[in-house]
Each structure stands twice: as C-alpha cells, then as structure tokens.
C-alpha cells in the first residue's frame, strides 16, 4: 500500500497543534517492543513484505532441510517450502505466537504438507500398480520420478514397519493393494468399522512418526 | 560447526520463487484480514452514532466535568456543534470558513451551552451532525475540495478527519467521565490510518526535516497496514522503518500521546524515526 505523494501535495493542512493539548518535545525518545515472533506475526498481518523476507531468511533453511529429510527429493522439498511460506503470508493469523515459536509452527506445517505429499504419492503408486497390472504397456516413469518414488517409499516404508501388525496390515491393504475400506476389512477378516478405526489410528501414528522425523532433522 | 552450517544451502532461486509466489497470492501492504471497505461518509456517520450513544449514558454530573482546553463536557459538545455549523457554511461555499480558527470560531457554540439541559446540548449537536450528513449526500462528489478551519481537503478525506475528531473527543469525554476508552471499528480505523499516512509527509515537511527519506510505516492490528512514504523531494538519503500499533498511532497523530508512550520497533536511524513521529503528532487530527 503506497502513499501517493502527488495526492498528498494537493492537500493543504495547516491546522497547528498549538493550543490543543500538551505537545511532544522537539525530539521524541522511542522505546522498543519485545517478543520477536509476536512482532513478526503482527508485521505479516499488516502486510509488511520485508517481514516475510526476514522470516524466510531465518527459517527457510530449517523448513527445507526437514522437508528434504522426510521426502528425500529436492523438488518436492522446495514445493513444501513454497507452500508453507505462501500460506504463512496469505493467512498470518493462523500462527498464534502464544501457542509456540514460529520456527516450530513452520516446521509442523512443513510436516503436514510433506505427509499430504506422501499420501498423494502412496495413492498414485497404488493406482499405478493396479493399472500396471491391467495395462502392462504403460510408459516407464522418468528417472527423476523413480528416484522420488523410491526415496519416498523408503521413508514411508520405514515408518510403516514400526506400526503394530494389525495396523500395518490395514495400511498395506488400503494403500498398496488399493482396496476400499470395506474390501480391506473383508480381506483382513474384521468388521468395516474396526478397519476404519485401525486405518485412522495408523495414519495418525504415521503422521506423528514423520512429524518427529521432520522436527529432529531440523 | 553449527547446526545451521550443517544444513544444506537453499537451492538457487528458491528465495525469489517463494517470495514472488507469496506476493502474487497477497499484495504487499494489504492487511490480512482486511477490514470491509466503507465510505468516508459511513465512517463519519458511525463516529456520530458512537458519540451520540456514549453521551446518552453519561450521568448528569458528568456533563460538568472538565474535558479539554478548559471546556467541560457540555462545552466540548457545544464546540462540536460549532464545528458542524462551520462545516455547513463551508459546504455551502462560504470562503470565510477556509481560515476560520477551529477553536475561536466555535467558542460561541461552546459558550451558549452554559445553563442548558445536557439533553438539549446532545440533541442540538446530533441535529447539526445530521445536517452535515445531509449536505454531504446532497453534494455527492467526495473528491471535491472543501476548505474549513485551515484545511483544504477532498470532502472524503475531510469526513475521515472529522470521524477522527469525533472519536478523539468521544475519548476525551470518556476520560473525563471515568469511562473506558473506545476503539473505532476496523473499517473506520483503516480509513483513519490511510489518511494519517497520506498526510505524514506534510507534517514532516513542516517540522523541518530537510533530507529526503523513505519511511516504511507498519501499523499493526485491525485497521492497520503498511505504507512506503517518501519524505521530502529527491532520492531518499536514508530509510527508516517504524512499526507500531494502529490505534496508538492514531492517538499520536491526534496529539493525545507522545512517541515515548508508543510500543515501537524501529529499523534505521532512531533519531530520524523520532523526528518523523514527533512531526506526526503535530498533525493534531482532532
């Protein structure tokens, strides 16, 4: 939001402060506010783009390295960094300085975004596997896609291996074999409601494990 | 080796890409959430309603309390009636109003309240403010300049400054009566901060700051925003960034607080920032 000097020049304001109330001295002293994260949050909300640049310079390396560690792929990690900072700029009010440091908030946001990417990747891999069985003539993925898929899969596979057997089984059925929840329940020999609750629990644990990995890596 | 040094460097171009995408998603300077836009006429009307409502809850004895410049509450409301009457004359094209004194010209209206019932004073002022709104609506063009009390401003800007004035005197009266201070709604406050930012170069020029400078003004909280304000003429010799609360800044430009009472974050030359803030107080938008 720029002040327009040409318009200001057109204005005339000559009313003097004298006689209205005690006037400040010729030279004011100023005092500063504390709490860097609260100040940054207020500046972002006010539309101060220099605050965004400052936050990026201070925290983007941590967000990037955390995303890279989880996703194992540079392009995807860069996408996560972009998503996290654009979101912070668009909705600065979603960060509450009273709830914790901005650094932890951004890393957590990166974790959620990385999980979303991994979920998408899992679904894509499951679809490819199913369609590959039906259509063996499909073109091979690019080397880049292969690297990303294998690195992401390795990261997620390691997290899945740590789940209890009952939850691991339902994740494999639902995501890797591409079964619906009802089909996965039938295959596992359990009620559909149980399958759903195990799936939710497994995904929550998966997110927590990957979030922790993201935080530790930064 | 520190943890930061162990991290991989950011890929080339990522900073520009992210900052560029951010500013495309939301323009620099625009507050979030942005206050719903209202017209200057609406801002003035809301300020009138707020003051009228507040006056309605005063106790009989509050009207005699000293409020400002030797005026009691009743006299101050009378002063506001005088301001409205001068506005009526200015809107009718009376050139004498251009240089009429804001205080001297309205003194008679303040004085005539003595001995009246407070309800009569309140009603007279409300009728005068309503008449101002009627004349503004009849005038239609809020870009047309109006000259009154040493100001020559587009009518829209003048109405925002009048809303400023009513809010400040509302709070003068609240203070006299021991009532808690009030804050304008974000839409009205947004118009006030915009007007103050636009008028700041004039105030600084009057204060005698000779070197051109660029002021990055960030007003936080509802009704705030960010402005890059060139001070003086020619290439800026220095840049100073000032962060403070939007309501506090409005109290500063109304000359109700001094800069040392503000919570501030300054980047750049603190002396230059202090000069700008001191100049802002001389706007005396009350």
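By the gyration tensor of its Cα atoms, with a ≥ b ≥ c the square roots of the eigenvalues, what is the shape of the range B:32-101: rounded for a/c under 1.5, prolate for a/b over b/c, or oblate?
Working: a/c = 2.43, a/b = 1.07, b/c = 2.26.
Oblate is the answer for the range B:32-101, as a/c is 1.5 or above yet b/c matches or exceeds a/b.
For chain B, rounded, prolate or oblate, judged on the Cα gyration tensor with a ≥ b ≥ c (square roots of eigenvalues), a/c < 1.5 rounded, else prolate if a/b > b/c? Taking the square roots of the gyration eigenvalues as a ≥ b ≥ c, chain B is prolate.
Against the longest principal axis of chain B, how steep is helix B:155-177, in degrees 0 to 90 to the nearest 10, with axes from Cα atoms? Relative to chain B, helix B:155-177 is tipped by roughly 70 degrees. Among A:85, A:56, the order by Cβ neighbours within 10 angstrom, fewest to most, reads A:56, A:85. Dividing the alpha-carbon radius of gyration of the range A:160-208 by the rule-of-thumb value 2.2 N^0.38 Å gives 0.99. Sort out for me the Cα centre separation of the range B:94-140 from the range A:167-200, rounded to whole Å. Result: 77 Å between the Cα centres.
Just for chain B, what percent of DSSP beta bridges are antiparallel, to the closest 5? Walk me through the numbers before you get to the answer.
On the way: 16 of 24 bridges.
Antiparallel bridges make up about 65 percent of those DSSP assigns within chain B.
Out of the DSSP beta bridges found with both residues in the range B:187-281, what percent are antiparallel (nearest 5)? If we restrict to bridges inside the range B:187-281, about 55 percent are antiparallel.
Sorting A:108, B:87 on the 10 Å Cβ count, fewest up front, what's the list?
Working: A:108 16, B:87 23.
If I rank by nearby Cβ atoms, fewest first, I get A:108, B:87.
At a Förster distance of 41 Å, what's the computed FRET efficiency of residue B:92 paired with residue B:69, Cβ-Cβ distance as r, to 0.05?
Numbers: r = 27 Å, r/R0 = 0.67.
For residue B:92 and residue B:69, the calculated efficiency is 0.90.
When you have a sec, figure out the Kirkwood radius of the range B:187-281 from all distinct Cα pair distances and drop it here in Å to one decimal? The Cα-based Kirkwood calculation yields 13.0 Å. Largest GNM mean-square fluctuation among B:19, B:58, B:153, using chain B with Cα springs under 10 Å: B:19.
Please report the relative contact order for the range A:160-208, taking Cα pairs under 8 Å with a sequence separation of at least 6, and give it as a percent rounded to a whole number.
Working: 38 pairs, mean separation 19.9, N = 49.
Result for the range A:160-208 is 41 percent.
Here A:91, B:265, B:233 are placed in order of increasing Cβ neighbour count within 10 Å, fewest first, which gives B:233, A:91, B:265.
Read-outs: derived from the displayed coordinates by stated rules, not from any lab. None of the values given here were measured: they were computed from a predicted structure. Counting neighbours? That spans all protein chains shown, and the Cβs are built from the backbone with ideal geometry, glycine included.
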